[in-house]
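Here's the structure, in structure tokens; my notes come after.
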Amino acid sequence: MSSHLLSLALTVEQHGRADFCWVILESFDFSSTFEVLMESAHGFPTYVEALDAGHAAIKLLSTNLDTGPREEIHDDYDFCEETNSF
């Protein structure tokens, strides 16, 4: 078995004047389309507080911060079949 790095993105959304929430997005099929993986349970008073909390959450997804969050795959999996050609 081997692993591949998860394709994740962190963003902050504003839901009110002082209500910022972090959202972690993931591309499940190696495309440019992302879906919500997880989001904050409550809002934060500032953008930077939400960003910092989201950064902390994304770090918890990894058992090794040197290699990042990974997903185990079978060795016979062919990434070329999943990627888009441009």
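The values are calculated or read from the model by the stated rules, or taken from the named source; none is laboratory data. In this text, all values refer to a predicted model and were calculated from it rather than measured experimentally. When we count neighbours, we look across all protein chains shown, and the Cβ atoms used for this are built from the backbone with ideal geometry, even at glycine.
Some observations on this one:
- Residue check for Ser32: outside any strand (DSSP E or B) and small (Gly, Ala, Ser): yes
- All positions within segment 22-40 that are modelled with pLDDT under 95 and among the small types (Gly, Ala, Ser): Ser27, Ser31, Ser32
- Residues satisfying the stated conditions in segment 1-20, i.e. over 24 Å from Leu65 (Cβ atoms) and surrounded by 13 or more Cβ atoms within 10 Å (Cβ to Cβ): Glu13, Asp19, Phe20
- Glu26 being of a type outside the set (Gly, Ala, Ser) and loosely packed, with under 15 Cβ neighbours inside 10 Å: no
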